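Written below as structure tokens is the structure these notes are about.
The values are calculated or read from the model by the stated rules, or taken from the named source; none is laboratory data. Since this is a predicted model, take the numbers as computed values, not measurements. Here Cβ is always computed from backbone atoms with ideal geometry, including for glycine, and neighbour counts include all displayed protein chains. Please note that ligands, DNA and RNA were not included when accessible areas were found on the heavy atoms of the full protein model with its side chains. Shrake-Rupley method; radii C 1.70, N 1.55, O 1.52, S 1.80 Å.
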Amino acid sequence: MTAQQTVLVVDDNEDNRRILRDLLRSAGYEVIEATTGEGGVATAKARTPHLILMDIQLPGIDGYEATRRIKADDTLRHIPLIVVTSDALSGDDAKAVAAGADAYVAKPFSPRAMLAKIRDYLPA
């Protein structure tokens, strides 16, 4: 049996983290969490997750800057990073990709669609 795949959830909203935590754990993923952009970067460096789910509206540095820092790090840039945000304004997806995100998901999301997107990057 292969080791459990780890997903880092970076979101300052506890309800959002709980929804993602429950969804991911039910699908067999280990979940680690950070509540700030800086914390997300530090946790990514310390734990090297298999995938990162990044909110944009965060205290301190925002999710775009946290994404840029992760993707600028040679030891982290290989980690798939999906931006998940309720700020689904026109152009946010392009800004996320420009920052280095591999994909973009708008909230509210369908649990099935979210798991499908994650499995695009983390095959079972």
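Mind listing whichever residues of region 100-120 are at pLDDT 90 or above and within 17 Å of residue 63 (Cα to Cα)?
100, 101, 102, 103, 104, 105
Kindly list the number of the only condition in (1) closer than 23 Å to residue 119 by Cα; (2) in contact (Cβ under 8 Å) with a residue 24 or more places away in the chain; (3) surrounded by 18 or more Cβ atoms within 10 Å (Cβ to Cβ) that fails for residue 19.
Unmet condition: (2).
Suppose the filter is open to solvent by 10 Å² or more (accessible area, probe 1.4 Å), in contact (Cβ under 8 Å) with a residue 24 or more places away in the chain and either closer than 13 Å to residue 7 by Cα or of a type in the set (D, E, K, R) (or both); does residue 82 pass it?
No, not satisfied.
Out of (1) modelled with pLDDT of 95 or more; (2) open to solvent by 20 Å² or more (accessible area, probe 1.4 Å); (3) not small (Gly, Ala, Ser), what's the single condition that is false for residue 97?
So the condition that residue 97 fails would be (1).
Pick from region 22-37 the residues that are polar (S, T, N, Q) and not in a helix (DSSP H, G or I): which of them is most open to solvent (accessible area, probe 1.4 Å)?
The selected residue is 35.
Does region 66-79 contain any residue that is at positive phi and out of contact with any strand residue (DSSP E or B) (no Cβ under 7 Å at 6 or more places or on another chain)?
no
For residue 41, all conditions in the list (1) among the hydrophobic types (A, V, I, L, M, F, W, C); (2) outside any helix (DSSP H, G or I); (3) touching a helix residue (DSSP H, G or I) at 6+ places or on another chain (Cβ under 7 Å) hold save one; what is the number of the exception?
If we test residue 41 against (1) among the hydrophobic types (A, V, I, L, M, F, W, C); (2) outside any helix (DSSP H, G or I); (3) touching a helix residue (DSSP H, G or I) at 6+ places or on another chain (Cβ under 7 Å), just (2) comes out false.
If I go through region 16-43 residue by residue, how many of them are in contact with a strand residue (DSSP E or B) (Cβ under 7 Å, 6 or more places away or on another chain) and either among the aliphatic types (A, V, I, L, M) or farther than 22 Å from residue 61 by Cα (or both)?
Residues flagged as in contact with a strand residue (DSSP E or B) (Cβ under 7 Å, 6 or more places away or on another chain) and either among the aliphatic types (A, V, I, L, M) or farther than 22 Å from residue 61 by Cα (or both) within region 16-43 amount to 9.
Please go through region 38-74 and give me each residue that is under 17 Å from residue 20 (Cβ atoms), at pLDDT 95 or above and open to solvent by 60 Å² or more (accessible area, probe 1.4 Å), ordered by number.
Once the filter is applied, which keeps residues that are under 17 Å from residue 20 (Cβ atoms), at pLDDT 95 or above and open to solvent by 60 Å² or more (accessible area, probe 1.4 Å), region 38-74 yields 47, 50.
Quick check on my filter: what residues within region 112-124 are surrounded by 14 or more Cβ atoms within 10 Å (Cβ to Cβ) and of a type outside the set (Val, Ile, Thr)?
Residues satisfying the conditions are 114, 115, 117, 121, 122.
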